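First comes the structure, then the notes that go with it.
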Amino acid sequence: MDPEEAEVPEEAVAEDVSDTSEETSTATEAADPNRPDYFPEKLWGDGTQYMQEDGSLNHEAMGNSLSEAYKQAERRIYMRTEDLRSEVAEEIRAEVPKGVPATAEEYSVDIDPLLLPDGLEFQVDDTDPFLVTAKDVLHKHNVPQHEFNQLAEAYINSNLANMPDYDVEKEKLGEYSDMRCERVNAWCQRHLSENSYNVISGMAVRSEMVEAIEEIMELSGEPKFLVGEDTGHFQERLQRNDVQALQDSPEYRRGDPATVQRVRAAWAQLAAREAAGG
């Protein structure tokens, strides 16, 4: 006998029809004819809170309910956004290599003493535009301190390359270079203000600078730098015959302003010394 031709008991058919009818009936009973299609079913509930005594819909209550539901949804979305931001920020912090300072200003220029010539002090200017810009750019790219040190070393070497060689400058000043430098330094210390002296003493020694200050010293009445053959010391003061010899010079006779100033200053200094019994 063909299975497809087998008879289905009438009781089973009746039972299936009965089950279908019951499901349809339940669905029909669940649907509230008073709920508008646009109003969410989960907000509707049994609908009694939205019905007025005359059987009409309370649109104000429905609007308030929709408004509150929207606010709650917005609040949940905002919270999720903040959580996401916190998570992203944490991931970014985790990706930052170790050794990167919290801010660009916290990069420090650590000078290796071995880089500097003997006796030279190198002061880092934190306001140097190049240095400030370099710190900002490197910090944006998460460059750690030890790599920043490589740039700082190149920066220092660049500055040192522009500084004069002390030994070469001394050679230009001649045999008595140390004495000339000491004499110039002592004169500046006696006659300049503290601020001006600090500026001069902080400059790198150049032979041209020493000679320029010696010329200023002569204009103020100091003798030209000469070392006595018999004493081995430089002449500290102009004597009367020195001033007279200077006054008889061709430069003075033709009215050279610098020579005239030297003679005037020398006579004034000599007169003050003699008046003081010196």
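The values are calculated or read from the model by the stated rules, or taken from the named source; none is laboratory data. Keep in mind that this is a model prediction, so the values were computed, not measured. Please note: Cβ atoms are built from the backbone with ideal geometry, for glycine as well, and neighbour counts cover all protein chains shown.
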Exercise. So how many residues does segment 127-162 have that are among the polar types (S, T, N, Q) and under 13 Å from the mean Cα position of the chain (by Cα)?
Worked result: 2
Exercise. Looking at R85, R35, R93, R76, which is the one that is among the basic types (K, R), farther than 30 Å from H141 by Cβ and at pLDDT below 80?
Worked result: R76
Exercise. Pick from segment 145-161 the residues that are among the aliphatic types (A, V, I, L, M) and more than 16 Å from V132 (Cα to Cα): which of them is surrounded by the fewest Cβ atoms within 10 Å (Cβ to Cβ)?
Worked result: A161
Seminar exercise, completed: With the first residue restricted to segment 170-189 and required to be within 19 Å of S220 (Cβ to Cβ), and the second required to be surrounded by fewer than 16 Cβ atoms within 10 Å (Cβ to Cβ) and among the small types (G, A, S), Cβ contacts under 9 Å at 6 or more apart or on different chains are R180/G174; N185/S201; W187/S220; C188/S196; C188/S201; Q189/S201
For this session: Confirm whether L219 is at pLDDT below 75 and either under 22 Å from R262 (Cα atoms) or surrounded by fewer than 12 Cβ atoms within 10 Å (Cβ to Cβ) (or both).
Result: no
Exercise. If P164 satisfies every condition in (1) surrounded by 13 or more Cβ atoms within 10 Å (Cβ to Cβ); (2) modelled with pLDDT of 85 or more; (3) out of contact with any helix residue (DSSP H, G or I) (no Cβ under 7 Å at 6 or more places or on another chain) but one, which is the exception?
Worked result: (2)
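Okay, residues lined up against (1) modelled with pLDDT of 80 or more; (2) more than 40 Å from the chain's Cα centre (by Cα); (3) assigned to a helix (DSSP H, G or I); (4) surrounded by 12 or more Cβ atoms within 10 Å (Cβ to Cβ):
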{"position": "Q189", "(1), (2), (3), (4)": "yes, no, yes, yes"}
{"position": "I200", "(1), (2), (3), (4)": "yes, no, yes, yes"}
{"position": "E214", "(1), (2), (3), (4)": "yes, yes, yes, yes"}
{"position": "V243", "(1), (2), (3), (4)": "no, yes, yes, yes"}
For this session: For Q49, work out the one condition from (1) modelled with pLDDT under 85; (2) in a helix (DSSP H, G or I); (3) surrounded by 12 or more Cβ atoms within 10 Å (Cβ to Cβ); (4) not aliphatic (A, V, I, L, M) it doesn't fulfil.
Result: (1)
Exercise. Looking only at segment 139-172, which residues are of a type in the set (A, V, I, L, M, F, W, C) and in contact with an Asp or Glu (Cβ under 8 Å, 6 or more places away or on another chain)?
Worked result: A152
